Structures are given as structure tokens and as C-alpha cells.
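First comes the structure, then the notes that go with it.
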Amino acid sequence: MDNFQHPVPGKLATAIVICCYSDKRWDILNKAIEAAARQVPAADEIVVIVDHNPALALRLRAKRFETPVRIVENIHPPGLSGARNTGISVSRGEVILFLDDDAVSDRDLLATLVRQLEDPSVLGAVSAIRPLWETDRPSWFPDEFLWTLGCTYRGLHPGPVRNLIGASMCIRRDVFDHTGGFDSGLGRTAKALPLGCEETELCIRATRALPHGRFVFEPSSGSDHAIPADRATWKYFLHRCWAEGLSKASLSLMAGSGEALASEKTYMTRTLPQGVMRGFADMLLGQPSGFLRAVALGAGLAATAAGFALGRTRAALTRPFTSVPARALEPVE
């Protein structure tokens, strides 16, 4: 069923796309959908993409929501990139707000990000993404590494950014018309090692195709991103850093090291050293957690670097990396 509400003249038509894949996230998924339905002003359409889970799609179709919600199954390869590309194909909004299935948005999130896109040079915008811990936040977890949880991290400043963070981002449809969709060679899947960087690759590709455009970070509104207990562990932290290194290795081969690693160079030379100094300063002030955060900063950097080195070495010993960007996405009724 088409739930598109035609916008008033002069107003950008908006779509909210939420991608989901697991029944285990049922409760938080419903909260995410309900929050999307309560945006002020409302989106012109809400589309939930189910990633190759027919039982979940059936369960969602049987549920009554406050406002019309369209449930669509992923028509592309399994994974987040394929699900998002399906959302692009089936939605009709000029602006698409992508939300994770475990991200509960503020009521003014859509309006805040759409205001940024009233500037025609802005291709997309990302909001603040706050961690919503299922358990107490670990004392050792550094703000500088909140990106491992898909959240806004220390060192990310309001204004122009190289790339968006996928949990709560708004992108013009024109970007996809010019550059194609998300690269299914990078997007996360339910079963594989959590490789990512699909948002980074898309943003780099978009700014190459549209050199006068830019992406921005606007933190005045945001989403609460659920963090389950199994992600508040050293094991997950180091595993996620390792996977990020592998992803960045693939991205650097696709986009070139200059653009792929430009933000990381500033992060490594400024943000991380400042974080270590803060940690040791807190330790001297009698806060043992400061030392643990400093250790986590070093360990996270080492794990990321090791993953990157392995990824580049594998590429050198085997065939060149090939990606699978979804180009020229066709509308689907």
C-alpha cells in the first residue's frame, strides 16, 4: 500500500526509511517506528525495509501503527546496503531520512535535518546520535570511540563533515540519482564480520560527482541509539575496531588513501592524543577510570591499525578489491 502524503507546494517531500532484519530487536524496532511516526511536522511517508526475514515482515504487516507504515522486503542482496537501496527505490521523498532499527529519534529530528537541506549545497546531514546503554556504561569506554557503537564521538564538530553516520542521517534523492546507491560490498549483514564504511564510500563518491556539494553534522537534534549489554564489552570493542580497520583498507583501495583516510589522520594526530592526556589527567585527580580510558584508546587504535594492515596485505597478495555499488536505482511501485 502506498502511504505517500503529497506535500504542500514549496515543501520538500520527505520519506523515513528504517531497515531491520532481526526479531530479537522487536521492542526497540517498534519504538523506532513509533518515534518516526511522531515527527513534527510528519514525514510524507514511512517505509520499513525487512532484510530477508519473511517472518518478521509478516509480523510487522499484522501490527497496527499510529500512522500508515509501508512494510517492504529487501529486493537487493542481503545486508544494510541492499536494504537501504530498496528503501531508495520504493520511497518517493525528495529527502530520505535513514534510521537504524534501534535508533529512537527526537520529535524534531526530521525538521532539523531538512532545514539544513534548504541550503542547496548541502547534500545530506547527520544528527547527534546518543548511546542508550542497556546496562551501566563501562567506566573504561572512551567518548572518542563511540563511533564503534554507531554514535557521535568526541572530535566530531558541527558543520561540514566528510561522511555521515548511518543511524540517523538525511540525504537528498538527487545524490542517489547522480551516483547510485550504497555499495553492497561494504554494507553490514546479519551473519558476516561487521564491515562498514558504506556511508563513507557513498559520501566520497557523491562529493566527487557533485563537487560543490557537502555533508554536514547538526547536533541540535538527534536519536538515542540502543546499546545492548553484549556491545559494552572489551571483546566487542576490539572486534569492532578490527573490523573498522578491514573496512578502511577496502575503502582506501576503492576511493584512494587520501580521501578515505583524511578524517582519520586528524583523529589520530589530535583527537586521540588529547583523549589520552585527559585520561591520565583524570587518573592524577584520583579517578582510576582515566587510566582505563587511556588504555582503551591505545588498544582501539592498535586493533584498528592491525585490521587495516591485514586488509591491505590480503589485497596485495590476492586479486584487487572489487565493489558492488548499486547504480541507477530504478523506482519500484
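A short reminder: the numbers here are calculations on the coordinates, not readings from a lab. As the structure is a computational prediction, the values presented were derived from the model and not from experiment. We place every Cβ from the backbone using ideal geometry, glycine too, and count neighbours over all the protein chains shown.
A few comments on the model shown:
- Dipole orientation for the chain: of the candidates ALA209, ALA281, SER221, ALA281 has the Cα lying most toward the positive pole (charges on Cβ; Lys, Arg +1; Asp, Glu -1).
- Using alpha-carbon coordinates, inclination of helix 272-284 to the longest axis of the chain, degrees: 60 degrees
- Cα gyration tensor shape of the stretch 208-258, rounded if a/c is under 1.5, else prolate or oblate by comparing a/b with b/c: oblate
- Using R0 = 41 Å, the C-beta based FRET efficiency linking GLN287 and ASP108 works out to 0.70.
- Projecting the Cα atoms of CYS151, SER91, ALA167 onto the charge dipole of the stretch 14-232, computed from C-beta unit charges around the Cα centre, puts SER91 farthest toward the positive end.
- Percent of alpha-carbon pairs separated by more than 15 Å within the stretch 49-96: 48 percent
- Check: the chain dipole with +1 on Lys, Arg Cβ and -1 on Asp, Glu Cβ, in debye: 740 debye
- Axis angle, to the nearest 10 degrees, between helix 234-255 and the longest C-alpha principal axis of the chain: 70 degrees.
- 3J(HN,Hα) along the stretch 84-91, derived from phi through the Karplus expression 6.51 cos²θ - 1.76 cosθ + 1.60 where θ = phi - 60°, amounts to 5, 5, 4, x, 5, 5, 8, 8 Hz, with x in place of Gly and Pro.
- When DSSP beta bridges are restricted to pairs lying wholly in the chain, around 35% turn out antiparallel.
- Put a dot 7 Å past the Cα of THR233, heading toward its Cβ, do the same for THR269, and the two dots end up 3.8 nm apart.
- On the principal axes of its alpha-carbon atoms, the chain has extents of 58, 45, 41 Å, going from largest to smallest.
- Between helix 26-37 and the chain: long-axis angle, C-alpha atoms, 0 to 90°, nearest 10: 60 degrees
- The aspartates and glutamates whose alpha-carbon is closer than 19 Å to the alpha-carbon of LYS248, local same-chain residues fewer than 8 away aside, are GLU144, ASP183, GLU198, GLU199, GLU201, GLU259, GLU264.
- Among ALA249, ALA42, ALA281, the residue with the largest mean-square fluctuation in a Gaussian network model of the chain, with springs joining Cα atoms closer than 10 Å, is ALA281.
- Of the GluC sites (Glu not before Pro) found in the stretch 1-106, those that fall in a DSSP loop while having at most 12 other beta-carbon atoms within 10 Å are GLU66.
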